Structure formats: structure tokens, C-alpha cells
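Only one structure is covered here, and it is reproduced in the block below.
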């Protein structure tokens, strides 16, 4: 329960990043472990994305975000626990993005508890996605970058909706 409170606190702490305007994105999908023969499990994420972008030269822009998420447990030893994650990151796009556009994301997250797919308390996430206005589809990978073993990671396909 303390981790749920921590996750909500991270989302609330990200609110100043959003200045006066923010987009809340809810995402859901399925995740596969990096280890063979494990079933896919449901995943859910909530993100507060700053509306006003930070300029990266003339061609690109970035939007900071706070994120909290959940990866359901599996029916395997070392994978039974559901994992909660919370952190922050950046979403990069081409400048003055149109209604439909590609984006990439990188983020650092804390997780609890450990599983063989998401071991250690620090995880790194990288994603590529496509946005159609309020709807987006994203392919995302989360792992600990071999900080601690094992390092199976989670790769997820998610559908999101922004408010």
C-alpha cells in the first residue's frame, strides 16, 4: 500500500512540470517477459505529460512526464508478484508536431517488488509510438540495464488515450 501512495505522490510531484496545462494519458496492453515460455500479462500505466514542449534545436521538441504503472504477476516461480513502477522521463517528437506523429520516450522508474523480469529497484524504459490525436499506440521495453541480475525485462504493446 505504501508503494501505491508513493506512485500517486510521483504523479502529483510531476504536476508542476506540467505548468498550467497537462495531458493525462491512460495506457493498457500486454507484456511479454524477456525469458521464453512465459505467458503475456496485462499492463496499465498513467502518465502526466507536460503540454508545452521544451525546444531541442529547430527540428525537435521534448515533453517531460511523470508515470506510474502496473505489470501483473505470472504463474511462474519468481514471477508471481505484480510489479508497481513510478518515475519520470521525456517524450521527443519533431517540432510543431501535426495531429498524427511519431514519438520516442525514455524514462527512469523505481519498482516494487522484484521479479526475475524486473529485478533491482531501478528500471529504464524506452518506447516508440504513434499518436493519432488523443489515441496512441506504443511499443515499450523496460529493464534494469544489467544493474542486477537476472535481467529478463518486459516488452509491452500498449494502446493509450489522452485527456
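Taken together, the values in this text are just the output of simple stated rules run on the coordinates, not laboratory data. Because the structure is a prediction, the values reported are computed rather than measured. Don't worry about glycine lacking a Cβ; one is built from the backbone with ideal geometry, like all the others, and counts go over all protein chains shown.
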For residue 99 and residue 37, FRET efficiency with R0 = 45 Å and r from the beta-carbon atoms, rounded to 0.05? 0.65
Hey, how many Å between the Cα centroid of region 53-98 and the Cα centroid of region 103-163? 6
If each residue's Cβ is checked for other Cβ atoms within 10 Å, how do 84, 102 rank with the fewest at the top? 102, 84
Compare 144, 111, 37 in a GNM of the chain, Cα atoms joined below 10 Å, and give the one with the largest fluctuation. 37
Would you order 49, 139 from fewest to most other beta-carbon atoms within 10 Å of each residue's own beta-carbon? 139, 49
Compute the long axis of helix 2-13 from its Cα atoms, compare it with the longest principal axis of the Cα atoms of the chain, and write down the angle in degrees, 0 to 90, nearest 10. 10
Comparing 94, 137, 108 in a Gaussian network model of the chain (Cα, 10 Å), the one with the largest mean-square fluctuation is 94
Taking other Cβ within 10 Å of each residue's Cβ, how do 134, 74, 97, 59 sort, fewest first? 59, 134, 97, 74
Computed over region 2-162: relative contact order in percent, which uses C-alpha pairs under 8 Å that are six or more apart: 21
Binned Cα-Cα distance frequencies in the chain - 5 Å width, integer %: 2, 9, 18, 23, 19, 14, 9, 5, 1, 0, 0
